[in-house]
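What follows is a set of notes on a single structure, which appears directly below.
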Amino acid sequence: MLRPPSMPRPTILINFAITADGKISTVNKDPAHFTSKRDLQRLLEIRRRADALLVGRGTLEADAMSMTIPSKLKPSGQPLRCIVSRAGRFALGHKVFHTKGGALHLLATEATEDYDSFSYEAAGATVHRSSLAAFLTTMATDYGVETMLCEGGGTLVKALAELEAIDEINLTFAGHTLFGGADAPTITGHLGAHLPASLEFELTHFEPLDNGECFLTYQRKKDRAT
Ligand SMILES: NC(=O)c1ccc[n+]([C@@H]2O[C@H](COP(=O)([O-])OP(=O)(O)OC[C@H]3O[C@@H](n4cnc5c(N)ncnc54)[C@H](OP(=O)(O)O)[C@@H]3O)[C@@H](O)[C@H]2O)c1
């Protein structure tokens, strides 16, 4: 699954809130709420650095995301909105299709021969049928995406980690919350499904807050392999 070193891709940031026991959601994958106003503020600041946002279909639906920067923040533009699925079946009633924002790019990595992208294209989206690795290259080379922010979930981030395609990790450590449960996911999905090798990051930002939370940023340590 490793990508050839020559394939360009955007610089990829991820952002998550994690509990004191390192979980990103409950056993039932309930919607993730912002842990505090400052957690939301920080997410929006990180979004402003991104040319494109990336989420898995699970997170899009669980968290009812519109994937936009509020206009009251006067963003210079809205980041592209990229959503990843294997089968490529998206709910057209979802608010992301009905909210003004960056152009929508849907990725179907394992669509069947008879896959029909027409309804999504009619709704204004561009549909891509390729691997995740090839999609990252397309977004960099054809759409000029230099910085991409992945907002989850763990399943998608694990795939990015397997591609060695994570450059910066932003965490809100919510020390006031414990989810518990062996099946509650972490930032790389369910425990037990380990990465083939450890990835090294260094802590570059450590900001304890007075509300039981702490903002952390990590950068990939060695020269990125991809
Ligand atoms: N605490 C936080 O900051 C935070 C952040 C994000 C999410 N979450 C939580 O995480 C939970 C969702 O987790 P999740 O792991 O199910 O989310 P996910 O990765 O967003 O969604 C999983 C789905 O996305 C698609 N997908 C993911 N990786 C793919 C890949 N490499 N190739 C093709 N398709 C891929 C697949 O869709 P198809 O089924 O269509 O194939 C898969 O079933 C929710 O409870 C959410 O609230 C928490």
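No lab work stands behind these numbers, since they all come straight from the coordinates. Computed from a prediction, not measured in an experiment: that's the story for all the values here. FYI the Cβ positions are ideal-geometry reconstructions off the backbone, even for glycines, and counts take in every protein chain you see.
What shape does region 150-226 have by the C-alpha gyration tensor, where a ≥ b ≥ c are the square roots of the eigenvalues, rounded means a/c under 1.5, and otherwise prolate means a/b greater than b/c and oblate the rest?
The shape class here is oblate.
Taking only DSSP H segments of four or more residues, each worth -39500 (n - 2.57), what value at 222 nm results for the chain once the sum is divided by all its residues, to the nearest 500 deg cm²/dmol?
Mean residue ellipticity at 222 nm (helix-derived): -5000 deg cm²/dmol.
Treating only the Cβ atoms of Lys and Arg (+1) and Asp and Glu (-1) as charged, compute the dipole magnitude of region 11-220 about its Cα centre; round to the nearest 20 debye.
The calculation lands at about 700 debye.
Compute for the chain: radius of gyration divided by Kirkwood radius, i.e. Rg/Rh, restricted to C-alpha atoms, rounded to two decimals.
Radius of gyration relative to Kirkwood radius: 0.94.
Going down the list 29/222; 72/95; 74/95, which pairs span over 25 Å between their C-alpha atoms?
29/222
Equivalent-ellipsoid semi-axes (√(5λ), Cα gyration tensor) for region 1-128, whole Å, largest first?
In descending order the semi-axes read 25, 19, 18 Å.
Normalising by the residue count of region 11-220, find the relative contact order in percent from Cα pairs under 8 Å and 6+ residues apart.
Here the relative contact order equals 31 percent.
Using only Cα atoms and rounding to the nearest 10 degrees, what angle (0 to 90) does helix 37-48 make with the longest principal axis of the chain?
Helix 37-48 and the main axis of the chain meet at about 40 degrees.
Please list, in order along region 144-156, the HN-Hα scalar couplings obtained from phi with the Karplus expression 6.51 cos²θ - 1.76 cosθ + 1.60 (θ = phi - 60°), rounded to whole Hz, x for Gly and Pro.
Once θ is set to phi - 60°, the couplings for region 144-156 become x, 7, 8, 10, 10, 10, 8, 9, x, x, x, 4, 5 Hz.
Taking the Cα of residue 118, stepping 7 Å toward and past its beta carbon, and measuring to each backbone N in region 54-93: which are under 19 Å?
Output list for this probe position: 88-93.
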